[in-house]
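Contents: one structure, followed by commentary.
The values are calculated or read from the model by the stated rules, or taken from the named source; none is laboratory data. Every value quoted in this text rests on a predicted model; they were computed, and no experiment measured them. Cβ sites come from the backbone with ideal geometry, for glycine too, and all protein chains shown count toward neighbours.
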Amino acid sequence: MAKIVRILAFVSMFLFLAACSSNSNSEETKKSSDNSGTMDSKQALIEGEAQVSLDNSVKQEKSTHEETKVPAQMVIYQADLQLRVKNFEQTLQKLEEKVIKYGGYIAESNVSKDGVEQVSGRITVRIPEENFQAFLHDAEGHALEVLQRAINGTDVTEEYVDLESRLKSKRVVEERLTSFMKSAEKTEDLLKISADLAKVQEEIETIQGRLKYLENQTSLSTIHISLYENKVIVPNLEEENLNTWEKTKKQFMTSTNLLLSAISGFIVFVIGNLPILGILAAAVFFIFLYIRKVWRRKDNE
């Protein structure tokens, strides 16, 4: 009987330990599942935030790309013409009228003369890009000969788009620095932000200046025109060259003055040199008498 009681007690204790072990395993399993659920929810939250951030970045990039519209092809055109013309002044006047007609303006003009036989000049005009070719044809139509025609085109589309993108980035930085300046409390931070803001604003002004320059150069083409005129000079017949009576009187007075001048010079010479001439005359006279006497002696012999 005592043995049976011992067996029953042992079985009861075994069942109790088994039950405790089962409860412990179930609790651990429950805790593990709870922790796993918590980790899964956190991971999902992080992944969701990351996806939202990625979507916002994609949307922002798309919006930025849509805002940065690529302009039409931007080309800076320049031309150099050298023309030989029949009449320099008339051709220059016609070209000035053509410039006004096509909506341009004269940027520079100068005229030079090489003596009286050659007249040349050079003008620089700015013409709207859409009238560039038409103006060139009209200018060449006023020339006797086209000595040189050179056209150069520089594509600045890529540079313009790049400058616009840089300008937008600088604008964003400017806005952020402005907001930081408003919320800054320390003087040191305020000075640092102010210096950075001034630097960014200077870069913005530089970019804007370059953009305006490119817009001006592409909207208005530059044309340099050199004009040459060779003149044939015919001497004019002056009236005084055709007046015979005046020429005769002039020649008569010239001859009379020359004669009077010669007589006056002779008189001055004789009177001024009279002592010397007297001595020479006496010497000649005695020599003549001596020679005459010698000849007479020879004749008598």
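Some observations on this one:
- Failed item in (1) part of a loop (DSSP other than H, G, I, E, B); (2) surrounded by 13 or more Cβ atoms within 10 Å (Cβ to Cβ), with VAL99 passing the rest: (1)
- The set of residues in segment 52-102 that are among the acidic types (Asp, Glu), closer than 29 Å to SER219 by Cα and either modelled with pLDDT under 55 or over 23 Å from the mean Cα position of the chain (by Cα) (or both) comprises GLU66, GLU67, GLU97.
Yes/no matrix, rows are residues, columns are (1) outside the structural domain of GLU158 (by TED's automatic domain parsing); (2) under 30 Å from GLU129 (Cα atoms); (3) modelled with pLDDT of 80 or more:
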{"residue": "LYS212", "(1), (2), (3)": "no, yes, yes"}
{"residue": "SER221", "(1), (2), (3)": "no, yes, yes"}
{"residue": "ILE225", "(1), (2), (3)": "no, yes, yes"}
{"residue": "TYR228", "(1), (2), (3)": "no, yes, yes"}
{"residue": "TRP245", "(1), (2), (3)": "yes, no, no"}
{"residue": "LYS250", "(1), (2), (3)": "yes, no, yes"}
{"residue": "LEU259", "(1), (2), (3)": "yes, no, yes"}
{"residue": "PHE266", "(1), (2), (3)": "yes, no, yes"}
{"residue": "PHE285", "(1), (2), (3)": "yes, no, yes"}
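- Filtering segment 118-140 to residues that are more than 15 Å from GLN82 (Cβ to Cβ) and among the small types (Gly, Ala, Ser) leaves only ALA134.
- ASN152 meets the stated requirement of being exposed (fewer than 13 other Cβ atoms within 10 Å of the Cβ), assigned to a strand (DSSP E or B), out of contact with any Gly (no Cβ under 7 Å at 6 or more places or on another chain) and among the polar types (S, T, N, Q).
- Among the candidates LYS94, LYS101, residue that is assigned by TED's automatic domain parsing to the domain that holds ASN230, charged (D, E, K, R), out of contact with any strand residue (DSSP E or B) (no Cβ under 9 Å at 6 or more places or on another chain) and touching a residue at least 40 places away in the same chain (Cβ under 8 Å): LYS94
- Residue check for GLU49: assigned to a helix (DSSP H, G or I), of a type in the set (Asp, Glu), out of contact with any Ser or Thr (no Cβ under 8 Å at 6 or more places or on another chain) and at pLDDT below 70: yes
- Pairing residues of segment 181-207 that are in contact (Cβ under 8 Å) with a residue 40 or more places away in the chain with residues that are of a type outside the set (Phe, Trp, Tyr), at Cβ distances under 8 Å and at least 6 apart in sequence or on separate chains, gives ILE207/LEU163; ILE207/ARG166; ILE207/LEU167; ILE207/LYS170.
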